[in-house]
Amino acid sequence: KQWYQRRVRGFTMLRILCSLLLLLGAADSVTFQLRKRNGTLVSNHTSYDTVFGSVIVNNSSLLCPPAAGGNYSHDLLNVICRESGFVGAVLPARSHRVVNSNSRVSCQWAWNMTYVSVQADCPSNPVHSGECDWGDINYEKQHCNIYDTLVVQCTNRRYNLTGFEILANPNGELSGNLTSTWGTPLAIVYDNKMDRTFRSVIRHHGYAYDYGYKLEYLRWSICKHVFGPNTYMRSGYSSYTKRHEEVGYQNKLSCGYMMENDVLAVITSIRCNSKHDDPTKCEFQYSSHSFYAFEFDDAINFRCTDI
């Protein structure tokens, strides 16, 4: 009888241990999906460069902001997008309340879902959730409702424009005080796949901009992006847009500066549709292989003001 009781106790302890292991392992098993409208699954099989979707955790919960406040890391957002087959995430994540109803789940579809926040320790540039160490999932509802839950923008594009600078010699300083009227525009490019940012020159290639007015759209858009929307501008692309070799040394970026600061890429064209476009949203073509065949004399240079 004692032998039987010990055996029963042994099996009971084994069951408890297995249950504990399953519970502990649950934190390591975190999956993500993107859904919109009435639960439509969002995947990378789309003709659009970027798409939005509400984040679904473990097929049962909407994702709240971090319980401790602040924002989730870009690495974690990249994991969420890459689990659905995209190249990466576009910052920032947004809340349900500010996103168009076609780009997030409906309230009716999410009626019975729970709300969770997650804790993750991810390596740099992770590809899938299994690379991250997951802490406890917080299933408390008090700090979040459906309007706070997160909608992520994912992209199929490897490269995105995130900003611009206009630099000139001798020190490659920003012409922020507008005392240098000419400068070399550099595009700030983010590589979604490699999770890195670099700077790129823009090639002065007449046919790439259709007609002169398209080049003028680009000049106005970049100058106002760098120096502010109230920057005084004069029209005239032929007078205010030059190839690198046509501008004096003090009013452009030198070859030496570009080499010393790893400006190692070329935007072969950027197409803006008006003088007032955000240039980071304009269509562009990037070549990571054309730089070493590229002549610095072909880089584009702008005159932004008459000061």
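Computed from the coordinates by the stated procedures, all read-outs in this text should not be read as laboratory data. Note that the structure is predicted; figures quoted are calculated from it, not measured. Virtual Cβ from ideal backbone geometry, glycine too; neighbours counted across all protein chains shown.
The table that follows gives values for the structure above.
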{"item": "For residue 109, net neighbour charge (Lys/Arg +1, Asp/Glu -1) across residues whose Cβ lies under 14 Å away", "result": "+4"}
{"item": "Förster radius 30 Å - calculated FRET efficiency between residue 259 and residue 133, Cβ distance, rounded to 0.05", "result": "0.15"}
{"item": "Where labels lie 7 Å past Cα in the beta-carbon direction, separation of residue 114 and residue 195 in nm", "result": "2.8 nm"}
{"item": "Local electrostatic count at residue 52 - Lys and Arg +1, Asp and Glu -1, tallied over other residues with Cβ under 10 Å", "result": "+3"}
{"item": "Under 5 Å, built H, 5+ apart or other chain: amide partners of residue 167", "result": "184, 186"}
{"item": "For residue 265, residues with placed amide H under 5 Å, excluding near neighbours", "result": "201"}
